[in-house]
Structures are given as structure tokens and as C-alpha cells.
Amino acid sequence: MPYEFEEILETIRMTAVEHFDIRTVTLGINLKDCADRDIDVACQKIYEKITRVAENHVSTAKEIETRFGISIANKRISVTPISIAFDNFKRGDFIKIAKTLDRAAEKVGVDFLGGFGALVQKGYTNGERELLEAIPQALAETNRVCSSVNVASTKAGINMDAVNLMSKQIKETARLSANAGSVGCAKLVVFCNVPEDNPFVAGAFHGVSEPETSLNVGISGPGVVLQAIKEAGAVDLGQLAETIKKVAFKITRAGELIGRKVAESLKVNFGIVDISLAPTPAEGDSIASILEAMGLESVGAPGTTAALAMLNDAVKKGGLMASSYIGGMSGAFIPVSEDAGMIKAVQKGHLSLEKLEAMTSVCSVGLDMIAVPGDTSAETIAAIIADECAIGIINDKTTAVRIIPAYGKKIGEIVDYGGLLGSAPIMEVRNLRANDFVSRGGRIPAPVRSLTN
């Protein structure tokens, strides 16, 4: 479909005034062919392949930015889940691999690289167990490496042994990065039904069914949607949904154009457009502000879940009209620390952990960038992860937990991470124990809806 002159002018306005940008172009790289029995040889293969394939990734994206006048906020890399290609290694070997990934990412100029993770929803191999044990130290001793672990799926159920192990690793990651507000946990995600083509870190990885290389793009347009809702005025909700659909259509078109141009220049496969509305801490670039513009006094009020569901659905419908290659998570992100409106709502007491959990049942991802008191127990974190996984497997959707038990911090304090990570108010966690439940371990069986054949 050719681009009309008016469409180009409108895209320029969205970029200049309404915070529209391409949030990320993420280059996926297969590392399965880097396997070797010798850890030093494997690390050398990893370093050489990433620096060779991604050598021009950042410079190419910058050239496309300049040519089209649309900002690309982040240029990132994802790799094959490390446990898959290197299952024969031990904990110390995986830390060496993490440091190699970090050096390669620094060499090619990207700020984050995703894929230091595993898919263990049905159980783990010996190598996957070793990798999970390595995560806290690996994240503490690297700057750019991100980790994600899938512990549940609609087809497999919930691996509670993995949930319990990951809750302990989150606590240890928080302790090891205590001097920086436990920021290590911002690079660690626990997933249910993880998509293989998600371009957004910290959860990005290059799926096992992906080609040798691929370029996935994530767009970001909360400011554009907010402006459209304000301009729509006092229309009914059906008309408001149509307004959101039209905006989603436009930003998806722009996102696919940029993604395809970057992929074409790099001579790699174009993968997908992830149409998730991803907020930033900047004023006016907030999912919370969108919900409030729809008519809520504050995010967290009764009606918040309904408004978010409508927003998410309209964005998907608009995106699907614009492109045949929608993928990733494609919905609305509600990270607390990265959304100025969410931060305000938490500080005013309008938004609780329980309300956020309800909201995650109708939008993409899950409990994201949630800071809780540092003395929150591993068992409570495991129970929070299990709750999110339950929402995921029953509704056959992606959910995730990126939680930060901020070491030494109490309810009401704020941890400031700066940049896109924003600042996180420490949220209250109910002081009710689920220890006897989560410590049973084992695997919660797959739900009835998994039997679709």
C-alpha cells in the first residue's frame, strides 16, 4: 500500500509533537551453531558471530532515522536462549558466556542484549538448571545482558519448582545489585506463554523456530493515542474505539516501514511489528493518562480494567488492519516505574498490586517494573508469579513478572533508576503467607483449554 503525502505529514506531526517513536529495532541472531564442548571456544564463536552479524546494526538504524525523520529510541540484540545451545555447560561456564555477550554488545554499541535464559515450563534439563543458578551473578557482573525464563504455558501448566527457584534468584539478584537500588531485577523477567519474537527487552530472545537472523520492531505511541482521544471529545465508547483503531493503524504502518527499511539495509529477514503501546516516564507518554482521558478520575478507579481492555482490543484491531506481520506481545504495557501516570497513582494510593494484577488479565505482559519492600519473602514473590502464570495459562495469553524487591527499602520510598527505567515507588504487598501452597512444588497441570486438537 503506497504512502500518501498527508499520511507522511501526519507521521511527522506525531513524531515532533506527540512522542511517537520506534521504541526498538531488535536484531535476532541464532547462536545454535556456536555450540562447542570447550567453553573458551564456544565464547569465541559467540563473540565473533555477534560482532560480525550486528556490526552495522546501530549505524544502519541511525541512517534510517535520519532519512525518514522518525526517532528509533533503542537498537538492541536478541539471541537464541543460551540454555538451548549450551546445555552441556555448568554454572561457571554460563557466567563466562554472559560476560562474552556483554563484551559483544558493547563492541557493536547496543545498550541491551536479551536471551540469557531458558524455557522450562515443563521441567528443566541439567544445563537449564545450571543456567538458572547462574542468573544473579551473571546479571551482577554484566551491564547489558538481560535474562528471561519461561516457567509456564497453557500447554504445559505451571512449573512450580521453576517458579520457586526463580523467586529465590530474584531475591539474590536484588541483593547483589543493592547498591544500585536492586536494578539487576529490572533485567530479569519470568514469563508464561512467552512469544519467540518479542523485540522488547528484558524479555527479548531469538526463538528456536526463528531463521538465522531477523529484525523485529517495537513501536511506541501512547502520546499519539492520548492526543487522538482528547481531540475526539465527548463521543461514545464505540466511536472512541474507532478513533484508537485509526491511530493504531497509522503508527503500525510507520513502524513496519521503518522496520523493513532497517532489515533491507542489513540484509536480514524482516520479522514482526510489535504494536504494544509502551510508555515512557515523559509527561504525556503514559498509558495511565490515556485511561484518564477516557473518563477515569485516576487509573486504579473502578472501570480501569474495562477501559484498558477496550484500549488493548482497539490497538490490536487497528494494527491487524495495517500489517499482516503483527507479533510479539502487541497490547498495552503497564510498567509502573516507566509511566509517569502510574507512578502518581501509586503514590496517591489509587493503584494497588491487586488492581494491577486484574489489569494484566486484559493487556499484554503482566506485573512490570513493580518495586516492593526488600524484605518481601521469596515465597511471596513465588506466589505473585504463580498468580500471573495462572492468568496466562487460563486465558492462553502472555503474562510476566518483572518485580524488584528493592534491598533495604520500605513502603512509600522511591527508587530512582533514571532514563527509560524511571523511578519506582515501593508498593505494599499483602502480609498474608502462601508458603505452604508454593512449597508443595511440582507442576500445576495444564488447563482444559490446552486440549485444542
**Asked** Of the peptides 232-241, 259-268, 355-364, how do they stack up when ordered by the mean number of other Cβ atoms within 10 Å, highest first?
**Response** 355-364, 259-268, 232-241
**Item:** Relative contact order %, the range 326-453, counting alpha carbon pairs below 8 Å whose residues are six or more apart
**Value:** 29
**Item:** Relative contact order computed over the chain (Cα-Cα under 8 Å; 6+ residues apart), in percent
**Value:** 17
**Asked** How much length is gained if the chain between residue 324 and residue 282 is pulled fully straight, taking 0.36 nm per residue apart and subtracting their Cα-Cα distance, in nm to one decimal?
**Response** 12.0 nm
**Asked** What fraction, in whole percent, of alpha-carbon pairs in the range 185-308 exceed 25 Å separation?
**Response** 37
**Asked** By per-residue mean of other Cβ atoms within 10 Å, what is the highest-first order of 428-434, 85-91?
**Response** 85-91, 428-434
**Request:** Take the Cα coordinates of the range 271-322, assign each an equal point scatterer, and use the Debye formula without solvent to give log10 I(q)/I(0) at q = 0.18, 0.24 Å⁻¹.
**Result:** -0.64, -0.97
**Positive-end residue of 94, 249, 286, charge dipole of the chain with Cβ unit charges** = 94
**Asked** Unpartnered cysteines of the chain (Cβ-Cβ under 4.7 Å counts as a partner)?
**Response** 34, 43, 146, 185, 363
**Message:** Distance between the C-alpha centers of the range 43-73 and the range 305-331? Whole Å please.
**Reply:** 28
**Request:** Have a look at the DSSP beta bridges in the chain and tell me what percent are antiparallel, nearest 5.
**Result:** 35
**Item:** Of 99/122; 171/348; 246/316; 45/96; 348/409, pairs whose Cα-Cα distance is over 22 Å
**Value:** 99/122; 171/348
**Fill in**
In terms of the alpha carbon gyration tensor, root eigenvalues a ≥ b ≥ c, rounded if a/c is under 1.5 and otherwise prolate when a/b exceeds b/c or oblate, the range 121-256 is prolate
**Request:** Give me the Debye-computed log₁₀ of I(q)/I(0) at q = 0.11, 0.14, 0.27 Å⁻¹ for the range 367-453, equal point scatterers on Cα only, no solvent, two decimals.
**Result:** -0.39, -0.60, -1.32
**Item:** GluC sites (Glu not before Pro) restricted to the range 125-202 and DSSP loop, no more than 10 other C-beta within 10 Å
**Value:** none
**Asked** Structure shown: which of 187/397; 355/410; 75/410; 90/397 lie over 24 Å apart, alpha-carbon to alpha-carbon?
**Response** 75/410; 90/397
**Asked** Percent relative contact order of the range 105-145, based on C-alpha pairs within less than 8 angstrom and at least six residues apart?
**Response** 55
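Each reported figure results from applying straightforward, stated rules to the coordinates on display, with no laboratory input. Since the structure is predicted, the reported quantities are computational estimates derived from the model, not experimental observations. Please note: Cβ atoms are built from the backbone with ideal geometry, for glycine as well, and neighbour counts cover all protein chains shown.
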